[in-house]
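Heads up: the structure comes next, in structure tokens.
The values are calculated or read from the model by the stated rules, or taken from the named source; none is laboratory data. Small disclaimer: the values here were computed from a predicted structure and weren't measured. Virtual Cβ from ideal backbone geometry, glycine too; neighbours counted across all protein chains shown. These area figures cover heavy atoms from the full protein model, side chains too; ligands, DNA and RNA do not enter into them. Shrake-Rupley method; radii C 1.70, N 1.55, O 1.52, S 1.80 Å.
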Amino acid sequence: MNGTLVLLHGVASNSTRWAEFAERTRLKDNWLVLRPDLRGNGAAASPRTRLGMDVWCGDIAALLDAERSERAVIGGHCLGANIALQFAARYPQRVRALVLIEPMPPEALTGTAGWLSLLRPVLYLIYGAARAFNSCGIYRRRLERLDLRELDRARRSGERKLSMLASLGVDLRSMPLAAYAGMLAATAEPWPDVAAIRVPVLALISSRSSMTDPGRTRRALARLPDCDLVELDAVHWIPTEQPDAMRTAIEDWLSRRGPETAP
């Protein structure tokens, strides 16, 4: 095995976000590819669980311990990319490299996402109130199963619109309200001191991003000491819009930078 690659999904998502990548990548021959459900999503969508950067980062460390992997390449899309940065800052000894797919610097948020910083206190109030109700046993007993691989297939065939990947109605059918509000608030959480993150970083950003300003995103990523940046033709959902280009970029980068990220 060359090493471990952990892939983190974003808001209102789950491990199926990476199902297509895990099946098709040539990395599966000599890498352990892990794609966990973050707490609040998928199989980990318990309505009573606490969420936050400290919890998600602790869960990643526990996952690596369970797999007996001392260090790993940590990748993520959207909020998952921000969590990867937080993990690198909190557990630097556990990180070989980072793969950031459409990271979300709070100062670069724009469009509907631009309201997240202003609404963050309100979102945390909703998160707290929903958890209080959940603790009293008031919560939905059944959530719809969200299969993002199938949704991507439908999007590419024209059966579904890309906008459905950021639809409040669709999102809340598959996850608890507390988790949804908490993850949106976490997306606007300030980044750690990225200048102190010394591992190699690959960043994939969208050329037509609908959620972040490309110039501000580039400036935020420029603070990383060792960051290779690749721009793809997409509006935000790179795993959906550019799966082959994304997969090739990650594979080629890990092959090229592999000796530098050795366990």
Exercise. Ignoring any ligand, DNA or RNA, what whole percent of the accessible area of the chain comes from carbon and sulfur when the probe is 1.4 angstrom?
Worked result: 52
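In whole Å and largest first, what semi-axes does the C-alpha gyration tensor of the range 61-166 yield when each eigenvalue is scaled by 5 and square-rooted? Mind showing how you got there, number by number?
Working: eigenvalues 142, 102, 75 Å².
Equivalent ellipsoid semi-axes, largest first: 27, 23, 19 Å.
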Problem set entry | Using θ = phi - 60° and Karplus 6.51 cos²θ - 1.76 cosθ + 1.60, couplings along the range 70-86 (whole Hz; Gly, Pro as x) | 5, 9, 8, 7, 10, x, x, 10, 6, 4, x, 5, 5, 5, 4, 5, 4
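What does the charge dipole of the range 116-250 about its Cα centre add up to, to the nearest 20 debye, if the Cβ of each Lys and Arg holds +1 and the Cβ of each Asp and Glu holds -1? All intermediate terms of the calculation are to be shown ahead of the outcome.
Details: 20 positive and 15 negative charges, 98 e Å.
Roughly 480 debye, rounded to the nearest 20.
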Exercise. Can you pull the accessible area of Val122 for me, 1.4 Å probe, Å² to the nearest 10?
Worked result: 70
For this session: Determine ³J(HN,Hα), in whole Hz, for all residues of the range 230-237 in sequence, where each value follows from phi through the Karplus function 6.51 cos²θ - 1.76 cosθ + 1.60 and θ = phi - 60°; x replaces Gly and Pro.
Result: 10, 9, 10, 6, 7, 9, 4, 8
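Can you give the net charge of the other residues whose Cβ lies under 11 Å from the Cβ of Arg131, counting K and R as +1 and D and E as -1? Provide the component values of the computation, followed by the final result.
On the way: positive: Arg48, Arg50; negative: none.
Net local charge, Arg131 excluded: +2.
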Exercise. Separation of the range 44-66 and the range 192-263 by C-alpha centroid, Å?
Worked result: 24
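Can you give me the accessible area per residue for the range 1-128, using a 1.4 Å probe, in Å²? It would help to have the intermediate numbers written out before the result.
On the way: 4930 Å² over 128 residues.
Averaged over the residues of the range 1-128, the accessible area is 38 Å².
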For this session: Please report, in debye to the nearest 20, how large the charge dipole of the chain is about its Cα centre when each Lys and Arg carries +1 at its beta carbon and each Asp and Glu carries -1 there.
Result: 600
For this session: Evaluate 2.2 N^0.38 Å with N set to the residue count of the range 19-74, then give the Cα radius of gyration divided by it.
Result: 1.28
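Roughly what % antiparallel, to the nearest 5, for the DSSP beta bridges in the chain?
Numbers: 1 of 25 bridges.
Beta bridges within the chain, antiparallel portion: roughly 5 percent.
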Seminar exercise, completed: Over the Cα atoms of the chain the radius of gyration and the largest Cα-Cα distance (Dmax), both in Å, equal 17.4, 53
